[in-house]
Structures are given as C-alpha cells and as structure tokens.
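The values are calculated or read from the model by the stated rules, or taken from the named source; none is laboratory data. Here the structure is a predicted model, which is why all the values come from computation and not from measurement. Note that each Cβ is placed from the backbone with ideal geometry, even for glycine, and that neighbours are counted across all protein chains shown. Note: areas computed on protein heavy atoms with side chains; ligands, DNA, RNA excluded. Shrake-Rupley method; radii C 1.70, N 1.55, O 1.52, S 1.80 Å.
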Amino acid sequence: INIKERTNMNTKILIVDDEKDIIDVLRDRLEQEFSEILIASNGSEAVEITDKKRPNIVIMDINMPVMNGLEAKRMIRKNGLRIPIVFLSVRPKDELLDDMDDNTIFMEKPVNFKELSSVINQQIISSN
C-alpha cells in the first residue's frame with residue numbers, strides 16, 4: 001500500500017452544503033476514494049460536527065441558510081481547529097480574500113473532481 005492509499009483509508013471528510021443534489025454527487029465521488037464521509041446542511045451543523053468528529057478536511061459551500069460557510073470557518077478557527085477547509089463557490093475568489101488563511105482553499109463551482117481529489121490529498125498529506 002502506498003502512502004496515498006494508506007492516508008485515504010483513514011480519512012474523514014465533512015461535506016457541507018444546503019443543496020442535497022450537490023451533497024449526493026460529492027458523496028458518490030469521494031466515497032470511492034476516502035473512508036468516511038460526514039454530511040452537514042449548514043454552517044452551524046458543520047461547526048458542531050467538526051468539533052465532535054474532528055474530520056481531516058471540510059468541503060464547504062459558502063451561501064447557506066442558518067450560518068454561511070465563512071461564519072462557520074471563523075467559528076471552527078475560533079475553536080482552535082486548523083483543519084483544511086475547501087470552499088466550493090460560484091462567488092469570485094477575490095471577494096473572499098479576507099477569509100483566506102494557510103488552511104483555506106477556494107475552488108469554483110462546477111467542481112472539477114480530479115482537481116478536488118488532488119487538493120484533498122495534498123492537504124491531508126501536508127497536515128499529517
């Protein structure tokens with residue numbers, strides 16, 4: 001088993017989106033490669049799940065009801081967690097520059113799954 005396969009077998013990924021179709025597509029694609037997929041439908045749930053389950057990486061939409069992705073990220077960071085967060089959004093990246101840090105990645109929707117998988121692997125390997 002190579003390092004990538006061993007890493008992926010123990011990887012918990014949290015997907016956060018209020019659109020069920022997007023969650024289903026992401027889950028279907030990521031389940032093939034990673035061991036455990038957690039789901040949240042808004043930022044508030046994401047903060048709670050992140051705190052309890054400690055995923056290795058969070059893939060999160062920005063525009064959601066209850067609490068948006070940017071607020072959720074601030075809360076996760078305030079709780080002392082430096083886990084990588086990948087934002088998937090239709091918003092232009094330059095609108096989000098104030099919210100970027102070393103553990104925050106921005107990807108535009110629609111998602112390129114090869115690129116997403118590559119980003120997840122890079123983040124997990126570099127955070128181990």
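Taking the Cα-to-Cβ direction at Val25 and at Arg77 and moving 7 Å from each Cα, how far apart do the two end points lie in nm?
2.8 nm
Among Thr50, Asn68, Leu81, whose Cα projects farthest towards the positive end of the dipole of region 33-84, with charges put on the beta-carbon of Lys, Arg (+1) and Asp, Glu (-1)?
About the Cα centre, the residue reaching furthest to the positive side is Leu81.
For the full complex of protein chains and a 1.4 angstrom probe, list Met75, Met67 by accessible area with the highest value first.
Greatest to least solvent exposure: Met75, Met67.
Could you order the peptides 112-118, 47-53 from most to least packed, using the average number of other C-beta atoms within 10 Å per residue? Please report the intermediate quantities before stating the final value.
On the way: 112-118: 13.1, 47-53: 15.7.
Top of the packing list down: 47-53, 112-118.
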